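Here's the structure, in structure tokens; my notes come after.
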Amino acid sequence: MDHFELRNGELYAEDVPMARIAEEFGTPVYIYSRATLERHARVFREALASLGKIHLAFAVKSNPNLAVLRVMQREGFGADVVSGGEMARALAAGMPAENIVFSGVGKTRREMLAGLEAGIGQFNIESEEEGVELAQLAEETGHTANCALRVNPDIDAGTHEKISTGKRDNKFGVPIDQAVAMYLRLASLPGLNMRGIAVHIGSQLSDLRPLELAFEKVGALLDQIRHNGGTVTHIDLGGGLGVPYKAGEVMPSPAEYGHMVARVTRGWDVTLMFEPGRVIAGNAGVLLTEVVRVKRNANRDPFVIVDAAMNDLARPALYGAWHDFDAVKPSGNRMTANIVGPICETGDTFAMGREMDAVERGDLAIFRTAGAYGATMASSYNSRGFVAEVMVDGDKVASVADRILPEEIYAAERVPDWLND
Ligand SMILES: *Cc1c(COP(=O)(O)O)cnc(C)c1O
């Protein structure tokens, strides 16, 4: 459910015609819908309403834009962050430090210190080495770090291999069969307040079964830790719910997810924590682009060359991901074409042999479901700038990230004196 719909034959973002956004802000441009973000936040919260004590942390990596974080903050969400930069953003967006969870396998000493000084709510520790380092740092600086141990349940999430995180061979978490002993050792360290277990097995999950298996393993671990005298008050169930990228595709609903979680976690007597990203932001954003030209080669589908490229929206090049592509003013005619960007890489391809709205040079079109893992993965490859981002709210539209021009990027580059003589 989103607010990017046809009205009188042209696409609107809420009450704003997309053509007007292109005119005012140029293309390519990401458009986020506040109403869609809020709706997704509320549906997710309602789906978990029967669970008792819960903590919701928006996965900042899915969309770290300050205005998006602000919407989530106003909806009562905290943040799941995976770097010092994301932590700084969450704080800048007004999220209370105690609502921030710090995940990630490679937290540096500097990042851990920043987290301790800010007083963040929880560190999700991904190795014993990390826990020992954090304990020392906390002790040295007079802090106590609330911690959860992230376990790797060795479960195939059934998603794309590059976004699977819960298999034994993945770098994330500690092997679940070593977790009891490790948890108890870490709990004995001054500086740490071991209070929980965390799990996150992957992203864009289209089936609840792997999640359920992972949660069952966490439940067994919870019993074992308690049985051995450990204290567990928080369990972080991560994120991962998939979203439909193709019209008509059906994904597990937040309500079905909520029922599954209620069933598996019955009797746990903990605060349950969640870290949704894509399911909140994915369908709340589109990437608006203009057709540069249509290149017709003999005997094959034409290339529709758009002004957006793999540096602006990396998912198709990275994962072979599908994004629906719709004309802003569809004529009703259809065509089969390859949709590509202008970058000098064959990988700069959004779709091959796509059945789509017929478009011509100068037409506007959108890639849908670009609100998560979109702008945040951008690069400046081919000396392209960083795309602008706008947010709509009813009939209002505002820039939430100005376009960064190539010359602003190379302004940070220097030619040393000794190259000038
Ligand atoms: C990426 C990530 C998430 C969010 O995943 P989604 O699939 O976007 O919901 C949550 N927790 C952790 C630890 C992550 O790395």
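Computed quantities for the displayed model
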| quantity | calculated |
| --- | --- |
| Residue that is most open to solvent (accessible area, probe 1.4 Å), among those in the range 376-393 that are under 18 Å from LEU318 (Cα atoms) and assigned to a helix (DSSP H, G or I) | TYR381 |
| Residue, modelled with the lowest pLDDT, within the range 157-176, restricted to residues that are outside any loop (DSSP other than H, G, I, E, B) and either loosely packed, with under 15 Cβ neighbours inside 10 Å or more than 20 Å from the chain's Cα centre (by Cα) (or both) | LYS162 |
| Filter result for the condition that a residue is open to solvent by 10 Å² or more (accessible area, probe 1.4 Å), over 21 Å from GLY239 (Cβ atoms) and either part of a helix (DSSP H, G or I) or touching a Pro at 6+ places or on another chain (Cβ under 9 Å) (or both), over ARG89, ARG20 | ARG20 |
| One residue from THR369, THR346 being in the same structural domain as LEU11 (by TED's automatic domain parsing), assigned to a loop (DSSP other than H, G, I, E, B) and modelled with pLDDT under 95 | THR346 |
| Which listed residue, of THR289, THR265, is under 16 Å from ALA370 (Cα atoms), surrounded by 15 or more Cβ atoms within 10 Å (Cβ to Cβ) and away from the ligand (no atom under 16 Å from the Cβ) | THR289 |
| Search result, residues across the range 45-87 that are within 12 Å of the ligand (Cβ to nearest atom) and β-branched (Val, Ile, Thr) | VAL60, VAL81, VAL82 |
| Residue within the range 212-230 that is open to solvent by 30 Å² or more (accessible area, probe 1.4 Å), more than 14 Å from the ligand (Cβ to nearest atom) and touching a Leu at 6+ places or on another chain (Cβ under 8 Å) present | yes |
| Test: residue in the range 112-122 that is within 15 Å of the ligand (Cβ to nearest atom) and either modelled with pLDDT under 95 or part of a strand (DSSP E or B) (or both) | yes |
| Residue check for GLY196: within 16 Å of the ligand (Cβ to nearest atom) and either assigned to a strand (DSSP E or B) or touching a Gly at 6+ places or on another chain (Cβ under 8 Å) (or both) | yes |
| Neighbours by Cβ (under 8 Å, 6+ apart or cross-chain): first from the range 9-25, among the polar types (S, T, N, Q); second surrounded by 18 or more Cβ atoms within 10 Å (Cβ to Cβ) | none |
| Candidates VAL232, VAL218 - the one that is in the same structural domain as PRO175 (by TED's automatic domain parsing) and without any contact (Cβ under 8 Å) to a residue 60 or more places away in the chain | VAL232 |
| Any chance GLY385 is in contact (Cβ under 8 Å) with a residue 24 or more places away in the chain and more than 19 Å from GLU249 (Cα to Cα) | yes |
| GLU130 vs. criteria assigned by TED's automatic domain parsing to the domain that holds GLU216, part of a helix (DSSP H, G or I) and surrounded by fewer than 16 Cβ atoms within 10 Å (Cβ to Cβ) | no |
| All positions within the range 268-286 that are within 14 Å of the ligand (Cβ to nearest atom) and polar (S, T, N, Q) | ASN283 |
| So ALA247, is it in the same structural domain as VAL151 (by TED's automatic domain parsing) and either under 25 Å from SER62 (Cα atoms) or within 16 Å of the ligand (Cβ to nearest atom) (or both) | yes |
| Residues located in the range 292-323, provided they are away from the ligand (no atom under 16 Å from the Cβ), open to solvent by 50 Å² or more (accessible area, probe 1.4 Å) and of a type outside the set (Lys, Arg) | VAL292, ASN297, ALA298, ASN299, ASP301, GLY320, TRP322 |
| Qualifying residues in the range 97-117 (those that are open to solvent by 50 Å² or more (accessible area, probe 1.4 Å) and out of contact with any Lys or Arg (no Cβ under 7 Å at 6 or more places or on another chain)) - the one farthest from LEU137 (Cα to Cα) | GLU98 |
| Residues of the range 133-156 classified as outside any strand (DSSP E or B) and within 14 Å of the ligand (Cβ to nearest atom), total | 1 |
| Candidates GLU360, GLU408, filtered to the one that is open to solvent by 10 Å² or more (accessible area, probe 1.4 Å), out of contact with any helix residue (DSSP H, G or I) (no Cβ under 6 Å at 6 or more places or on another chain) and in a helix (DSSP H, G or I) | GLU408 |
| Every residue from the range 38-81 that is assigned to a loop (DSSP other than H, G, I, E, B) and either at pLDDT below 95 or open to solvent by less than 60 Å² (accessible area, probe 1.4 Å) (or both) | LEU48, GLY52, ASN63, PRO64, ASN65, GLU75, GLY76, PHE77 |
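The values are calculated or read from the model by the stated rules, or taken from the named source; none is laboratory data. These numbers come from a predicted model, not from an experiment. Neighbour counts run over all protein chains shown; Cβ positions are idealised from the backbone, glycine included. In case anyone asks, the SASA skips ligands and DNA or RNA and just uses the protein heavy atoms, side chains included. Shrake-Rupley method; radii C 1.70, N 1.55, O 1.52, S 1.80 Å.
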